[in-house]
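What follows is calculated from the coordinates using simple rules that are stated; it is not laboratory data. Please read these numbers as outputs of a predicted model, since none were measured by experiment. Here the Cβ is made from the backbone with ideal geometry for all residues, glycine too, and neighbour counts use every protein chain on show.
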Amino acid sequence: MYWVFKTEPTECSIADIAAAGSNGVIWEGVRNYQARNFLRDQVKTGDMVLIHHSSCDVVGIAGVATIIAEAFTDPSQFVAENPYYDPKSSADKAPWVAVRVGFVRQFPQVLSMADLRAIAGLADMQLLKKGNRLSIMPATNAEFDLVLLAAKA
DNA sequence: GCCAACGTTGGC
DNA sequence: GCCAACGTTGGC
């Protein structure tokens, strides 16, 4: 399948994923049930992921990653010092999962929201829907291809 | 920093 | 289980 993952580049940018090498990075801290359900139930090894930079200078899709390890228990939920700590999580009740993502490519330029909205075939893309706050969301194969085409990547 | 949209919480 | 109040997200 195809996905869009949102990230604040100050936390984990496409360049950070590139720098992580073949082990990739752990994608943790998802604390929304709808996003968690995608991550736990549908995100599979080998799936392709559009990496979206949010809350930053140039908001938009910055590159592509792939899933190299599918859902496992998110360790950050147990760590009191961690910003993603969940005091309600315990060994026998740990609702949150993480995956591991590996670098595929970084776009020469970030495809901004305006760039994306200008692509006719992306009119229904979930990422572009008003009020969308999901940090993990599916994309279609067609949307994925259009984004790569527009990125000249 | 504004604010729309949405999620979560908690009193009842 | 309803729903008002509150918190958070995230584009602009």
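The trypsin sites (Lys or Arg not before Pro) of segment A:80-153 that meet both conditions, a loop assignment by DSSP and at most 12 other Cβ atoms within 10 Å of the site Cβ, are A:K88, A:K129, A:K130, A:R133, A:K152.
So who's got an amide H within less than 5 Å of the one on A:D86, skipping anything under 5 residues away but keeping other chains? H placed 1.01 Å off N, in plane. Amide H neighbours of A:D86: A:F78, A:V79. Phi-derived couplings, Karplus 6.51 cos²θ - 1.76 cosθ + 1.60 at θ = phi - 60°, listed residue by residue for segment A:136-147: 10, 8, x, 10, 8, 4, 5, 5, 4, 5, 5, 5 Hz, with x used for Gly and Pro. Shown for chain A is the translational diffusion coefficient from the Stokes-Einstein equation, using the Kirkwood radius over Cα pairs, a temperature of 4 °C and a viscosity of 1.567 mPa s: 82 µm²/s. Counting only Cβ charges, +1 for Lys and Arg and -1 for Asp and Glu, the dipole size of segment A:81-134 around its Cα centre is about 160 debye. Divide the volume of the convex hull around the Cα atoms of segment A:59-108 by the residue count and you get 109 Å³ per residue. Each listed q (0.12 Å⁻¹) maps to a log10 I(q)/I(0) for segment A:88-147, found by the Debye formula over equal Cα scatterers with no solvent: -0.46.
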